[in-house]
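Presented below is the structure to which this report refers.
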Amino acid sequence: MMNIFALTTKSRGVDSPSMSSASKPEKIPDSFGALISHVRCELIRALDREFHAHAIDIRFTSFLLLKKLVMLGPVTAGELAQAIDLDAGAMTRQLDQLEKKGLLRRVRHEQDRRALRIEVTPAGLEMNRKSMLHADRVLATAQQALQPDEIDKLNDYLRRVLGTLRSGAS
């Protein structure tokens, strides 16, 4: 089986197979920002392939939306859009698709009848459960080239970078 996470190699600036172009190798970037971007893109592609291979009718953005909705409980579309960093138009399209599949529903807000809250349905809970099992498998595969202590260090480094970015330090 081909390693779908070639970007986890420990060396920098080496040629490695790319999932976007199987016919020619792609240079792994030296830049921290580019490397983070490539890892994110490869994870999304791997998740979408995993879902498709197992007949799970969901794509990454819908998976993320559903996962966040299960975590947060009923919220407004605006709150959900902010939580997963989607603009209003993209959020509306995602909600329409997931509602059509029966994975969520829009219900009137109890205190403000003009507002709608988004809530997950039993079918949405089941989709979230199934998709999370496959997402966990993809993430485990992504980390297979790392030793447990390296995974701990990587998580620590990324938490520190995230904390710095969230604190507004420049």
Task: Given (1) open to solvent by 80 Å² or more (accessible area, probe 1.4 Å); (2) assigned to a loop (DSSP other than H, G, I, E, B), number of the condition Lys153 does not satisfy - done: (2)
Open item on the list: Going residue by residue through the stretch 98-108, is there one that turns out to be modelled with pLDDT under 95 and open to solvent by 60 Å² or more (accessible area, probe 1.4 Å)?
Closed with: yes
- [ ] Return a yes/no flag: does the stretch 54-71 have any residue that is modelled with pLDDT of 90 or more, open to solvent by 50 Å² or more (accessible area, probe 1.4 Å) and farther than 17 Å from Leu103 by Cα.
- [x] yes
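Among the residues of the stretch 37-63, count how many are free of Cβ contacts under 8 Å to residues at least 24 places away in the same chain and over 19 Å from Leu95 (Cβ atoms).
8
The values are calculated or read from the model by the stated rules, or taken from the named source; none is laboratory data. Just so it is clear, the model here is predicted, and its values are computed rather than measured. Cβ sites come from the backbone with ideal geometry, for glycine too, and all protein chains shown count toward neighbours. What goes into the accessible areas is simple: the full protein's heavy atoms, side chains included, and nothing from ligands, DNA or RNA. Shrake-Rupley method; radii C 1.70, N 1.55, O 1.52, S 1.80 Å.
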